[in-house]
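To start, the structure under review is shown below, and the notes come after it.
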Amino acid sequence: MDDFRWKPDQVRIDPSRPLYEQFVEQLRADIARGELAPGTRLPSVRELAAGIRVNPTTVMKTYQELEREQLIVTYRGQGTFVTKDEAIIQQSKETLAAQAVRKLREVAESLNMTVEELLLLGGYKGGTRE
């Protein structure tokens, strides 16, 4: 099992949105991509808050949301870990993919195009970029 270290320069911040939501999205994506492998130990709330220079309440809300989604689990006295349940990770990937497709469809519609037309215009053909 590896330990996770999130460096302040790895954190992308959008000042118009709550920090904890952004941290949830980033950690969810890191888990889905496999950058945070199943079983990876996460820092304690205080350690992570100090490491990325945010209020511990922000990290606590982040962890609570990820626990609600079952992407992380906390064992009293042992720490917080990325779930080892591959089905939950796969479900998260599917949710992220559906959100991406929905966003792509919204952009295409806003340009009065189909998704296929948008992809072709963007240089994508047959799943690859030309």
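Bear in mind that the values in this text are calculations on the coordinates, not laboratory data. Since the structure is predicted, the reported quantities are computational estimates derived from the model, not experimental observations. Here the Cβ is made from the backbone with ideal geometry for all residues, glycine too, and neighbour counts use every protein chain on show.
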Based on the Cβ-Cβ distance from A37 to N112, what FRET efficiency comes out when R0 is 35 Å, to the nearest 0.05?
0.25
With P(r) over Cα pairs in 5 Å bins from 0, in percent as the read-out, I listed [x] 2, 11, 21, 26, 21, 13, 5, 1, 0; [y] 2, 10, 16, 19, 15, 12, 10, 8, 5, 2, 0, 0; [z] 2, 9, 12, 12, 13, 12, 11, 9, 7, 5, 4, 2, 1, 0; which label goes with the value calculated from this structure?
[y]
What number, rounded to the nearest 500 deg cm²/dmol, is the helix-based mean residue ellipticity at 222 nm of the chain, given -39500 (n - 2.57) per DSSP H run of at least four residues and division by all its residues?
-17000 deg cm²/dmol
Relative contact order of the chain: what whole-number percent is it, with Cα pairs under 8 angstrom and at least 6 residues apart?
22 percent
Can you give the net charge of the other residues whose Cβ lies under 12 Å from the Cβ of N55, counting K and R as +1 and D and E as -1?
+3
